[in-house]
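*Asks:* Take this structure, written in structure tokens, and hold onto it; I'll ask about it next.
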Amino acid sequence: MSEPTPSTSGTRLQVVLPDESPGMPVSTLVDLGVRAEELGARTLWLPDHLLPPHPYGRTFGGVYEPLVTLGYLAARTRRVRLGTSVLVLPMRDPFTVAKQVATLDRLSGGRFTLGVGVGWSREEFAAVGSDFSTRGVRTDEALALLRHLFEGEGAFEGRFHSYGRGVFEPRPNTRIRVMVGGVSDAALRRAAAWADEWQGLDPDPEAFGAARERLLAAAGRPMETGVRMAWSGEEEGLEEAVARFRALSEAGADAVAVWFGDAEGFGERMERFVEALGRRAEGAWGPAPAPA
């Protein structure tokens, strides 16, 4: 086995699991997650859509509900982190999300990362009765409410959600890691304000590096910075995909999350990609991020 090159030795591989087909057995999804852990992936991500306007597929992933599915994956895995990339937070009740997240954190032994985004499909928001125009401010308030429920005391007063009395349990044993996804200026501001991690979406390395610099300057504190990319083995060769991973690493990515295409052939492409990087050994993906 070849040694990792210096340019990628600190960059963690993460895997975005395939969740685009209603015809895929959920056992396939879980088996791929277990295999990704065996190959050294540091985090498994699942996408989220509740009621998309068009059939599930490459545009709309998230057939199996991510928090429920990750709860099952928590029992089948031991070390890999589990997260949402991303949960469309303003389409969901934040009190319910808080309860689910705190429970999943306990079930996973503290391995869960809550990745959130504001969503982009106006039609989906309308279908579930959620206001598209206020999704940004509602996401900010939901993040404040979640942090209050996890770590605070007493009442919470917000524009959209408030409570005077109430007991929240289970309280997380350690700080719940929050990841904010997105590349807009608003997403970077939100990540700087609330997140422990940020995840960009498949930009070129130069654009990623520039966004990363803006984020870290706005945050004024250390943050994990990562990016999502795709390699489905169709339009881009393996060498080109590995080169893109390395270029993102050189641009400063602490982690690169890779989606390996449809479920059919996903495992084989994932193994080829890991082999091409020469990173199969356990622990070769660098240290896991410490709790914030």
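*Asks:* If eta is 0.692 mPa s and T is 37 °C, what Stokes-Einstein diffusion coefficient results for the chain, Kirkwood Rh from Cα pairs, in µm²/s? Numbers along the way, then the final one.
*Replies:* Details: Rh = 19.4 Å.
This corresponds to a translational diffusion coefficient of 169 µm²/s.
*Asks:* Report, to the nearest whole %, how much of the accessible area of the range 162-279 belongs to carbon and sulfur atoms, 1.4 Å probe, protein only.
*Replies:* On the way: 2600 of 5430 Å².
Exposed carbon and sulfur together represent 48 percent of the surface.
*Asks:* Would you work out the Kirkwood radius for the range 154-280? I mean one over the mean of 1/r across all pairs of different Cα atoms, in Å.
*Replies:* On the way: mean 1/r = 0.0592 Å⁻¹.
Roughly 16.9 Å, rounded to one decimal.
*Asks:* To continue, here is another question. Choose one answer from ALA253, ALA127, ALA241: the residue with the largest mean-square fluctuation in a GNM of the chain with alpha-carbon springs under 10 Å.
*Replies:* Largest GNM mean-square fluctuation: ALA127.
*Asks:* Test of understanding: in a Gaussian network model of the chain with alpha carbons linked when under 10 Å, which of GLU141, GLU235, GLU169 would top the mean-square fluctuation ranking?
*Replies:* With Cα springs under 10 Å in the chain, the top fluctuation among GLU141, GLU235, GLU169 is at GLU235.
*Asks:* At most 16 other C-beta atoms within 10 Å and a DSSP loop state: those are the exposed trypsin sites (Lys or Arg not before Pro) I care about. Give me the longest piece of the chain that has none. Spell out each step's value before the answer.
*Replies:* On the way: sites that count: ARG58, ARG78, ARG79, ARG159, ARG165, ARG175, ARG280.
Longest stretch, sites excluded: 176-279.
*Asks:* Could I ask something else about it? How large is log10 of I(q)/I(0) for the range 1-104 at q = 0.12, 0.15, 0.17, 0.20 Å⁻¹ when the intensity is taken from the Debye formula with one equal scatterer per alpha-carbon?
*Replies:* Ignoring solvent entirely, the Cα scatterers give -0.45, -0.67, -0.83, -1.05.
*Asks:* Using a/c under 1.5 as the rounded threshold, could you call the range 113-222 rounded, prolate or oblate? The axes a ≥ b ≥ c are square roots of the C-alpha gyration tensor eigenvalues, and prolate needs a/b larger than b/c, oblate otherwise. Kindly include the intermediate steps, with their values, before the conclusion.
*Replies:* Working: a/c = 2.30, a/b = 1.34, b/c = 1.71.
Judged from the Cα gyration tensor, the range 113-222 comes out oblate (a/c at least 1.5, b/c at or above a/b).
*Asks:* Just to confirm, what accessible area per residue do you get for the chain at 1.4 Å probe, in whole Å²?
*Replies:* Numbers: 12810 Å² over 292 residues.
Here the per-residue accessible area is 44 Å².
*Asks:* At 7 Å along Cα-to-Cβ for each site, give me the label-to-label distance between ARG78 and ARG35 in nm.
*Replies:* 2.0 nm
*Asks:* Using the Karplus curve 6.51 cos²θ - 1.76 cosθ + 1.60 with θ = phi - 60°, what ³J(HN,Hα) values do you get for each residue of the range 128-142, in whole Hz, with x for Gly and Pro?
*Replies:* My calculation for the range 128-142 gives 9, x, 10, 7, 5, 5, 9, 5, x, 5, 5, 5, 4, 5, 4 Hz in order.
*Asks:* Okay, moving on. Given a Förster distance of 35 Å, report the FRET efficiency between PHE95 and ALA207 from their Cβ-Cβ distance, rounded to the nearest 0.05.
*Replies:* Details: r = 37 Å, r/R0 = 1.05.
E between PHE95 and ALA207, to the nearest 0.05, is 0.45.
*Asks:* Can you figure out the FRET efficiency of ARG58 with ASN173, using R₀ = 35 Å and their beta-carbon distance, to the nearest 0.05?
*Replies:* Working: r = 38 Å, r/R0 = 1.07.
For ARG58 and ASN173, the calculated efficiency is 0.40.
*Asks:* Answer rounded, prolate or oblate for the range 124-188, using the Cα gyration tensor with square roots of eigenvalues a ≥ b ≥ c: rounded when a/c is under 1.5, else prolate when a/b is larger than b/c, else oblate.
*Replies:* On the way: a/c = 2.21, a/b = 1.42, b/c = 1.56.
Here the range 124-188 falls in the oblate category.
The values are calculated or read from the model by the stated rules, or taken from the named source; none is laboratory data. Only a predicted model underlies this, so the values are computations on that prediction, with no experimental measurement involved. Note that each Cβ is placed from the backbone with ideal geometry, even for glycine, and that neighbours are counted across all protein chains shown. Surface accessibility is based on the protein's heavy atoms, side chains included, excluding ligands, DNA and RNA. Shrake-Rupley method; radii C 1.70, N 1.55, O 1.52, S 1.80 Å.
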